[in-house]
Amino acid sequence: MEERFHYLCRVRFDGIVIFVVWHSVERDGFVRDEAGRLRAACTPEALTGIAGARNVVPVNSELIEYDFDRIRAWCAAPEVAGVDHAAFLDAWNFLNDLAGLHDGADTPYTRLSRGAAECYDKLFWGCNLPAVTPPGERFEPAWQADELIEVRRVLEAGLELLESELRAAGVSA
């Protein structure tokens, strides 16, 4: 069995901070309880205590940050100037792992995410210079209005999923 690495994440959602543990292995995901609920807590110590009881020890000393309030604010007024390729790509990856997209889950969120693969790729290339970009220049994808709508739909569906998961975990606002 492949070794699983665990990472402590700080999630800002609805004005509160919540901590979760993400794991990296062949299929990335999150630490869950026996009933399949997301393990989450309002302090890293509480989460580490819960997760540690299941022999889960995060390998990171620095927290991985996700600001879903910022994502929600952009969704309320989506504009090209507000597209933060790195933050959006990180959020999209987080939400894909939360939804079990790579495990074949078929939900409204996963269908939207899969359908928006070209927008995901644009975010990816906005963070990673293509080989054809001259040295020292930044690649800036040109976003069309319909693509912004598609990105917004995926992120809004992901925010609904995250809210549902946090509510089930007993840590929502």
Solvent accessible area, Å² - Asp146, 1.4 Å probe, full protein context: 100 Å²
Translational D in µm²/s for the stretch 1-46 (Stokes-Einstein at 37 °C, 0.692 mPa s, Kirkwood Rh from C-alpha pairs): 286 µm²/s
Under 16 Å from the Asn128 label point (7 Å along Cα→beta-carbon), backbone N, the stretch 90-108: 90-94
Stretch gain in nm, segment Ile64-Arg111, where the contour uses 0.36 nm per residue and the Cα spacing is subtracted: 14.3 nm
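The values are calculated or read from the model by the stated rules, or taken from the named source; none is laboratory data. The model shown is predicted, which means the values in this text are computed figures rather than measured ones. FYI the Cβ positions are ideal-geometry reconstructions off the backbone, even for glycines, and counts take in every protein chain you see. Accessible surface is based on the protein model in full, side chains and every heavy atom, while ligands, DNA and RNA are left aside. Shrake-Rupley method; radii C 1.70, N 1.55, O 1.52, S 1.80 Å.
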